[in-house]
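See structure below.
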Amino acid sequence: MQTWLLLKDSFWPLLAAGLRFTVPLAVFSFGAGLLLGFGLALLRIFGGKPLSAAAKFFVWFFRGTPLLVQLFIIFYGLPAVGILLDALPAAIIGFTLNVGAYSSETIRAALRSIPKGQWEAAYSLGMSWSQSMRRIILPQAIRVATPSLSNSFISLVKDTSLAAAITVPEMFQIAQRISAATYEPLILYLEAAFIYLIFCSILSALQTRLERKLDRHISSVGQQP
């Protein structure tokens with residue numbers, strides 16, 4: 001009975017922290033990271049050697065170092081050189097940079113997967129580079145990249161728990177606080193894991209629907225005379 005009461009009393013604070021911090025942190029960081037990743041992918045493919053090398057170095061660093069270490073450098077390390085950031089902006093910056101590095105490789109691979117004949121056909125129709133990219137290349141690349149990017153977003157939702165280490169009051173930190181007050185870490189952490197599971201299950205279902213919708217759209221386009 002006592003366990004049930006603890007679960008019931010802690011569920012809403014955990015869920016509220018998830019909706020207030022965990023989900024917005026993941027959504028905003030992923031959106032900004034996608035924009036960064038797209039820019040990096042373009043630099044890797046179309047930029048000159050210096051820009052391509054700089055983008056490659058960025059990706060190498062953020063893919064090769066732990067996300068938790070990156071968050072610590074931003075939040076605890078940068079004050080040593082006079083750059084002070086609150087916990088939430090530091091977390092957003094850290095997740096954005098990390099997502100940008102990983103998503104850039106996914107986007108780059110998707111763009112590379114489009115046959116060169118598609119570019120040539122677009123140019124033969126009088127399209128500019130930007131028109132070719134927007135009308136021909138990107139719609140196809142998006143379908144290729146969607147499964148991998150969706151999985152990355154689901155992983156990011158779980159990775160936001162690392163923000164607790166830099167004092168962001170997201171769901172996992174609330175679970176830590178309650179467990180410290182109640183001395184019931186197993187129950188609280190299992191409950192937090194269950195809520196993360198709910199979030200990720202919903203996202204997985206949305207991913208499946210999105211992929212099916214994209215498949216139907218591509219099929220309908222392909223059937224047009």
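Throughout, read-outs are computed from the coordinates displayed, never taken from laboratory work. Keep in mind that this is a model prediction, so the values were computed, not measured. In this analysis, Cβ positions are derived from the backbone assuming ideal geometry, glycine residues included, and neighbour counts consider all displayed protein chains.
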Item to check | Semi-axis lengths, Å, the range 153-219, gyration tensor of Cα atoms, sqrt of 5 times eigenvalues | outcome: 34, 13, 6
Item to check | Unit Cα scatterers, Debye sum, the range 1-111: log10 I(q)/I(0) for q = 0.23 Å⁻¹ | outcome: -1.17
Checklist entry - Per-residue HN-Hα couplings for the range 159-167, Karplus 6.51 cos²θ - 1.76 cosθ + 1.60 at θ = phi - 60°, whole Hz, x for Gly and Pro? => result 5, 4, 4, 5, 5, 4, 5, 10, 6
Checklist entry - Starting at 0 and stepping by 10 Å, how many percent of the alpha carbon pairs of the chain end up in each bin? => result 7, 26, 29, 21, 12, 5, 1, 0
Item to check | Loop-resident sites, the range 160-210, for chymotrypsin sites (Phe, Trp or Tyr not before Pro), counting at most 16 other Cβ within 10 Å (DSSP) | outcome: Y183
Item to check | Rg/Rh (Cα only; Kirkwood hydrodynamic radius) as it applies to the range 113-225 | outcome: 1.24
Item to check | Added length on full extension, which subtracts the Cα-Cα distance from 0.36 nm per residue, F28 to T65 | outcome: 11.1 nm
Item to check | Helix-only CD estimate at 222 nm, as mean residue ellipticity for the chain, using -39500 (n - 2.57) per DSSP H run (n ≥ 4) | outcome: -26000 deg cm²/dmol
Checklist entry - How large is ³J(HN,Hα) for each residue in the range 130-144, as worked out from phi by the Karplus curve 6.51 cos²θ - 1.76 cosθ + 1.60 (θ = phi - 60°), to whole Hz, x for Gly and Pro? => result 5, 5, 4, 5, 6, 8, 10, 7, 4, x, 6, 5, 4, 4, 5
Item to check | Between the range 124-171 and the range 1-77, the alpha-carbon center distance in angstrom | outcome: 12 Å
Checklist entry - What are the semi-axes of the equivalent ellipsoid of the range 64-154, taken as the square roots of 5 times the eigenvalues of the Cα gyration tensor, listed largest first and rounded to whole Å? => result 38, 14, 10
Checklist outcome for this item: Ranked on Cβ counts within 10 Å of their own Cβ, fewest leading, L162, L186 go L186, L162
Next on the checklist: At a 10 angstrom cut-off on C-beta neighbours, averaged per residue, how do the peptides 18-26, 200-208 rank from highest to lowest?
Outcome noted: 18-26, 200-208
Checklist entry - Given 0.36 nm per residue, what is the gain on full extension from E120 to V81 after removing their alpha carbon distance, in nm? => result 9.1 nm
Checklist entry - Want the number for S204 to Q131: 0.36 nm per residue separation, take away the alpha-carbon distance, what's left? => result 23.0 nm
